[in-house]
Protein chains: 2
Amino acid sequence: MEKYALGIDIGGTTVKMGLFSQDGRLLDKWEIPVRLENKGAGILPDVAESLLSKMREKGIKTENLAGIGAGIPGAVDKAGNLVGGAVNLGWEPFNIPKVLRTYIEVPVKAVNDANAAAFGEMWQGGGKGYDNLVMVTLGTGVGGGIIVDGSLLVGAFGGGGEIGHIHIDDQETECCGCKNKGCLEQYASATGVVRLAQQRLKQDDAPSLLRRGELTAKSVFDAVKAKDSVALEVAERFGSYLGKGLANVANVVNPEIFVIGGGMSQAGEILLSFVEPEFQKYVFPACREVVFTLAKLGNDAGIYGAAGLLLNG
Amino acid sequence: MEKYALGIDIGGTTVKMGLFSQDGRLLDKWEIPVRLENKGAGILPDVAESLLSKMREKGIKTENLAGIGAGIPGAVDKAGNLVGGAVNLGWEPFNIPKVLRTYIEVPVKAVNDANAAAFGEMWQGGGKGYDNLVMVTLGTGVGGGIIVDGSLLVGAFGGGGEIGHIHIDDQETECCGCKNKGCLEQYASATGVVRLAQQRLKQDDAPSLLRRGELTAKSVFDAVKAKDSVALEVAERFGSYLGKGLANVANVVNPEIFVIGGGMSQAGEILLSFVEPEFQKYVFPACREVVFTLAKLGNDAGIYGAAGLLLNG
């Protein structure tokens, strides 16, 4: 009997959901808003209702379901425990599969959302064909997910792949969201690039496209494409930080491929051109042979990975 | 039928060898010198002859052997290829099991020596009972080995766990052996600690035990134990570098335990007291829960791990 898998990706504003065939085709996708009130107590009931409604619509019974995979914005250990809660959802620590199974009695696998995205990109995206992969998600923050020999590196307490908080600069005076100073996220996230641009613009009065309109990571890389020399300096600093950070990651796990995703990766191949040379400058020779590529699944990486981990993880 | 395993650990001056029971008891150990002439061509024939002679002495036939595990001072991939050669032995790249099996026809598993030591400490040493472990070997250099869910993290090209070459200081002006500047090894190895001590002693004329006799990593930690304030400053700088470096490793792989070995670990628990607080300063909250412990197997970690990987890897 052909079975189906459901992949869900719970974010701060929406829950993305997908219905997958066992061989990894996305048959349908949809999303629902996230209700944050009452410490997010309504989120999982809403998810369950939406999934059950979709199953009714498609005539899928629980015995046709291989199960549900769930990507969660927080550290999740191998048993599905949300170890430190999920700040963005208002959730305290609890066992996710246990609660979700009170609504739908099928196998449930819960993982960190960045880890899910990494597995998704390996399963059906930019990292297809590789089984030692590091995915880097450059969005508001810097997220990471690591695959070793085809398996997700979850870590002892679900903290595997937290590469956004690698310490990278001893001179930093401002605090990261995690309260440390000098985390990779402070330079290589979309927010970080804007910060680097602001710092550069303050230095002097050099003319730049970045002085007009809203300053965003996108506007920085658009200006780079227009050969704006100030933007170029900002991109080089971004590349130096990220290249150095990823060299440290490569020295630890020696991946075959880095998949770069998240909103900032929409800048395209040009983004990689700032990172790779810096990476090569810092990496240990035995870890030098790495492919850099862009993510392919965009915002669907999480639902792909959640379903993929349920089916193959 | 009870079987045996042989563990060998090839270093720059001697090859250590051990005969193990299947349940991990070291039944006998011995060593032979390493002949470096002729690009180390005699090393494996010497090893094979010594192993065969031991087997004859003990009345062990090849059918009583589960196989041979070999720790090699170089990057070794999953197939046993010595990817970049072994500089200290004069060896070019080749497939180690293939060659060793021309002398003794049993299963052969070859791994990097620091990785072998990590597996050994997990199997029968300081990390027994844990299956997410990072071992750090503080000797002439800084070596590393990573165990994820009970399996060795070899990496795509055998470069997994090369934590000695994590970039940790942008201000460094001297080169590391790998030709980069600012590698962890430049501060946290025995050589690195001596360098830090020399730098400190040059700064002023403050009286210190370190100004008498030979300056070694051991003399630095002996002086720390004697409450020498200059040595204390050196140990604090060492601890800051190593703590920061291990925080970066923890953010990537989220281990349960760090096992600290190598010659420098003979300084004892006091060494950990300089590292742990600095680690806690830099690590991401989800990766904070880690035990720090000293290695237990000393110079035998390599033969334990090589045999252990053959039997259980």
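Summarise the partner chain shielding of B:110-122 as one whole number: the mean count of Cβ atoms from other chains within 10 Å of each residue's Cβ.
The per-residue average across the peptide is 0.
Just add up the charged neighbours of B:Ala156: K/R +1, D/E -1, any other residue whose Cβ is under 15 Å from the Cβ of B:Ala156.
So the environment of B:Ala156 carries a net charge of -4.
Could you tell me the largest-minus-smallest coordinate of the C-alpha atoms of the range B:81-150 on each of the three principal axes, in descending order and whole angstroms?
Taking the Cα atoms of the range B:81-150, the three principal extents are 36, 30, 16 Å.
In straight Cα distance, which lysines are under 20 Å from A:Lys179, not counting same-chain residues fewer than 8 positions off?
List returned: B:Lys244, B:Lys281.
Provide the gained length on full extension for the span B:Asn95 to B:Lys227, in nm with one decimal, where the gain is 0.36 nm per separating residue minus the Cα-Cα distance.
Value of the extension gain: 42.5 nm.
Considering only DSSP beta bridges where both residues belong to the range A:1-142, give the percentage that are antiparallel (nearest 5).
60 percent
Using a 10 Å cut-off on Cβ atoms, rank the peptides A:110-120, A:230-240, B:117-127 from the highest mean neighbour count down.
A:110-120, B:117-127, A:230-240
Among B:Gly85, B:Val108, B:Leu52, whose Cα lies farthest out toward the positive end of the dipole of the range B:1-110, if unit charges sit on the beta carbon of Lys, Arg (+1) and Asp, Glu (-1)?
The residue sitting farthest along the positive end of the dipole is B:Val108.
Using the beta-carbon distance between A:Lys179 and B:Ala79 and R0 = 25 Å, what value does 1/(1 + (r/R0)^6) give for FRET efficiency, to the nearest 0.05?
0.05
Report the FRET efficiency, 1/(1 + (r/R0)^6), for B:Lys3 and B:Arg35, where r is their Cβ-Cβ distance and R0 is 35 Å, rounded to 0.05.
0.70
So, counting K/R as plus one and D/E as minus one, what does the shell of residues with Cβ under 10 Å around A:His167 add up to?
Every neighbour counted, the sum reads 0.
Rounded to a whole number of µm²/s, how large is the Stokes-Einstein D of the range A:65-110 at 37 °C and 0.692 mPa s, given Rh as the Kirkwood radius over C-alpha pairs?
Roughly 307 µm²/s, to the nearest whole number.
Ignore the peptide's own chain and count Cβ atoms of other chains within 10 Å of each Cβ in B:139-148; give me the average, rounded.
2
In nm, give the distance between the simple-model label positions of B:Asp28 and B:Ile270, each being 7 Å from the Cα along the Cα-to-Cβ direction.
4.1 nm
How much mean residue ellipticity at 222 nm does chain A get from its helices, if each DSSP H run of length 4 or more adds -39500 (n - 2.57) and you divide by all residues, to the nearest 500 deg cm²/dmol?
-11500 deg cm²/dmol
With a/c under 1.5 counting as rounded, go ahead and sort the range A:1-135 into rounded, prolate or oblate using the C-alpha gyration tensor (a ≥ b ≥ c being the square roots of the eigenvalues; past the cut-off, prolate if a/b is larger than b/c, else oblate).
Note, shape of the range A:1-135 comes out oblate.
Testing the spin-label approximation: label points 7 Å from Cα along Cα→Cβ at B:Gln171 and B:Leu209. State their distance in nm.
Modelled inter-label distance: 2.8 nm.
Could you run the Karplus curve 6.51 cos²θ - 1.76 cosθ + 1.60 with θ = phi - 60° over the range B:87-102 and give me ³J(HN,Hα) per residue in whole Hz, x for Gly and Pro?
3, 5, 9, x, 7, 7, x, 7, 8, 5, x, 4, 6, 5, 6, 5
Defining the label point at 7 Å along Cα→Cβ, can you sort the distances from A:Phe94 to the same site in each other copy, shortest first, in nm?
6.2
Please sort B:41-54, B:300-313 by packing, taking for each peptide the average over its residues of neighbouring beta carbons within 10 angstrom, highest first.
B:300-313, B:41-54
Using alpha-carbon pairs under 8 Å, 6+ residues apart, how would you state the relative contact order of chain A in percent?
Over chain A, the number comes to 21 percent.
Net charge around A:Glu121, counting only other residues with Cβ within less than 9 Å of its Cβ (Lys, Arg = +1; Asp, Glu = -1)?
+2
From the backbone phi of the range B:62-78, what are the Karplus-calculated ³J(HN,Hα) couplings (6.51 cos²θ - 1.76 cosθ + 1.60, θ = phi - 60°) in whole Hz, Gly and Pro given as x?
4, 5, 8, 9, 5, x, 10, x, 10, x, 10, x, x, 6, 10, 7, 5
Using the scaling law 2.2 N^0.38 Å as the reference, what is the normalised Cα Rg of the protein assembly as shown?
Here the Cα radius of gyration is 1.02 times the empirical estimate.
Looking at chain A, what % of its DSSP beta bridges pair antiparallel, to the nearest 5?
55 percent
For B:Val291 and A:Asp131, FRET efficiency with R0 = 25 Å and r from the beta-carbon atoms, rounded to 0.05?
That pair, A:Asp131 with B:Val291, gives E of 0.25.
Check B:Ala110: other-chain or 5+ apart residues with amide H under 5 Å from its amide H, H built from backbone geometry?
For B:Ala110, the qualifying residues are B:Ala70.
Among A:256-263, B:288-295, what's the highest-first ranking by average C-beta atoms within 10 angstrom per residue?
A:256-263, B:288-295
Grab the Cα-Cα distance for A:Asn88 and A:Lys61, subtract it from 0.36 nm times how many residues apart they are, and report the gain in nm with one decimal.
My answer for the length gained is 6.5 nm.
Quick one: what are the phi-derived ³J(HN,Hα) couplings along the range A:132-139, Karplus 6.51/-1.76/1.60 with θ = phi - 60°, whole Hz, x for glycine and proline?
Karplus values, whole Hz, x for Gly and Pro: 10, 9, 10, 9, 10, 9, 9, x.
Quick check: Cα centre of the range B:238-264 to Cα centre of the range A:221-270, how many Å?
About 27 Å separates the Cα centre of the range B:238-264 from the one of the range A:221-270.
Using the structure shown, select from B:Lys3/B:Lys29; B:Lys3/B:Lys58; B:Lys58/B:Lys78 the pairs with a Cα to Cα distance greater than 22 angstrom.
B:Lys58/B:Lys78
Provide the percentage of antiparallel DSSP beta bridges, counting only those with both residues in the range B:128-296; round to the nearest 5.
50 percent
In terms of modelled amide H atoms, which long-range or inter-chain residues lie less than 5 Å from the amide H of B:Gly262?
Answer set, sorted by chain and number: B:Leu138.
Residues of B:276-286, mean number of Cβ from any other protein chain within 10 Å of their own Cβ, rounded to a whole number?
5
Read-outs: derived from the displayed coordinates by stated rules, not from any lab. Keep in mind that what you see is a predicted model, and the values were worked out from it rather than measured. Methodologically, a virtual Cβ is constructed for each residue, glycine included, from the backbone with ideal geometry; neighbour enumeration extends over all protein chains shown.
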